[in-house]
Amino acid sequence: MAADQGLTPGPVTGSPAARSDVSRRGPVSAFFATRPKTRLGLLLTPPLLWLVVAYLGSIVILLITAFWTVNSFTGRVEPAFQFGNLTALVTDPLYREVTLRTLLVALGVTVIDAVIAFPMAFYMSKIASPRTRALFLVAVTTPLWASYLVKAYAWRVLLEPNGPIDIVTGGHSPGYGLPAVVITLAYLWLPYMIIPLYAGFDRVPTSLFEASADLGASTARTVRSIVLPLVFPAIAAGSIFTFSLSFGDYIAVTIVGGKTQLLANLIYGQLVTANNQPLAAALSIVPLLAIILYLVAMRRTGALENV
């Protein structure tokens, strides 16, 4: 049939034409040309080794170190298996209080960013003109290029006593402390919530809003019944960034937190100041478990399957 239609079949694997093409390659190229699985294995081996050795391996070492102890006389870490560090996490009220405070701060920052990002992303996606949308995107992404320390110290200047916020509000600046930590972290991670929400709104057809209005639904009903279910996967994706980054932050807390301590500050203090690496490793398990549980909770909602 192919000959009747004037068509000639192309070369296939194993045909004389294919073997001739391979023979014109160099020895190394000819070896891999007929072995696609070998090429794929060599391509994936370096990143997989990096993941297993550098990332998963470091976590395994962290978990093992949590069961070690520090010699009170020499100050050396001794690989003696014990549960003292893990027991201290549960029994010491300081660790429980700081863990709860850190969790509330991370959740608070996530909620604040979601509330701020929702109308901004909606306006950028559905209302703003293309020129205005481009300006908003530049304004949202530009802070990501700035130094973390510059942004944190900028808020320290704004929040300091007799600073700009204190002058504008007539002496009602929050100053340094827990509110300042929440404000600073919410500012730092806001772009990580706006960008996923903007992409989520962009995928929602405008015709759904028109149909909802034609059926007599109010704005609140449209947002509750149509918009939120459709953009919830985007909110979940953004919340993973804001929650995890807030839970593990200690630099902003050091800069604007005053005497406030979060879990990451305790880990840093045990590692650098107290030179107690096993206890620092045990404390590091808490944010690790918190982030894993948060990811599991987001997955159980089904949000991550639609991102």
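The values are calculated or read from the model by the stated rules, or taken from the named source; none is laboratory data. Just so you know, these numbers come straight off a predicted model, no measurement behind them. Cβ atoms come from the backbone with ideal geometry, glycine included; neighbour counts cover every protein chain shown. These accessible areas exclude ligands, DNA and RNA; they are computed on the full protein's heavy atoms, side chains included. Shrake-Rupley method; radii C 1.70, N 1.55, O 1.52, S 1.80 Å.
Here are Ala106, Ala88, Ala66: which of them is open to solvent by less than 80 Å² (accessible area, probe 1.4 Å), within 21 Å of Gly177 (Cβ to Cβ) and touching a helix residue (DSSP H, G or I) at 6+ places or on another chain (Cβ under 9 Å)? Exactly one residue qualifies, and that residue is Ala106. Arg221 fulfils the conditions (1) under 28 Å from Leu100 (Cβ atoms); (2) free of Cβ contacts under 8 Å to residues at least 12 places away in the same chain; (3) more than 23 Å from the chain's Cα centre (by Cα) except for a single criterion, (1). If you go through segment 252-271 and keep only what is of a type in the set (A, V, I, L, M, F, W, C) and within 25 Å of Ala180 (Cα to Cα), you end up with Ala252, Val253, Ile255, Val256, Leu262, Leu263, Ala264, Leu266, Ile267. Mind checking whether some residue in segment 260-268 is over 13 Å from the mean Cα position of the chain (by Cα), open to solvent by less than 60 Å² (accessible area, probe 1.4 Å), at pLDDT below 90 and among the β-branched types (Val, Ile, Thr)? Yes, the conditions are met somewhere in segment 260-268.
For segment 122-163, the tally of residues that are of a type in the set (Gly, Ala, Ser), more than 28 Å from Ile255 (Cα to Cα) and touching a helix residue (DSSP H, G or I) at 6+ places or on another chain (Cβ under 8 Å) stands at 2. Restricting attention to segment 130-171, the residues being of a type outside the set (A, V, I, L, M) and in contact with a His (Cβ under 9 Å, 6 or more places away or on another chain) number 1. Summed over segment 69-82, the residues that are open to solvent by 60 Å² or more (accessible area, probe 1.4 Å) and closer than 19 Å to Ala274 by Cα give a count of 6. Out of all the residues in segment 219-237, is one or more of a type in the set (Ser, Thr, Tyr) and within 30 Å of Ile255 (Cα to Cα)? Scanning segment 219-237, I find no residue that is of a type in the set (Ser, Thr, Tyr) and within 30 Å of Ile255 (Cα to Cα), so the answer is no.
Screening segment 231-259 for residues that are among the β-branched types (Val, Ile, Thr) and closer than 15 Å to Leu295 by Cα and picking the one that is least open to solvent (accessible area, probe 1.4 Å) gives Thr242. When Leu293, Leu283 are checked against the criterion of being open to solvent by 90 Å² or more (accessible area, probe 1.4 Å) and part of a helix (DSSP H, G or I), a single residue qualifies: Leu293. What are the residues in segment 185-204 that are surrounded by fewer than 20 Cβ atoms within 10 Å (Cβ to Cβ), aliphatic (A, V, I, L, M) and more than 12 Å from Ile235 (Cα to Cα), if any? Passing the criteria: only Val204. Within segment 138-184, restricting attention to residues that are under 17 Å from Ile194 (Cα atoms) and open to solvent by 60 Å² or more (accessible area, probe 1.4 Å), the residue that is nearest to the chain's Cα centre (by Cα) is Leu144. The residue pairs whose first member lies in segment 236-257 and is farther than 25 Å from Ala297 by Cβ, whose second member is open to solvent by 10 Å² or more (accessible area, probe 1.4 Å) and among the basic types (Lys, Arg), and whose beta carbons are closer than 6 Å, counting only pairs six or more residues apart or on different chains, are Ile255/Arg156; Val256/Arg156. Regarding segment 205-215, can at least one residue be identified that is open to solvent by less than 40 Å² (accessible area, probe 1.4 Å), polar (S, T, N, Q) and within 26 Å of the chain's Cα centre (by Cα)? No, segment 205-215 has no match at all.
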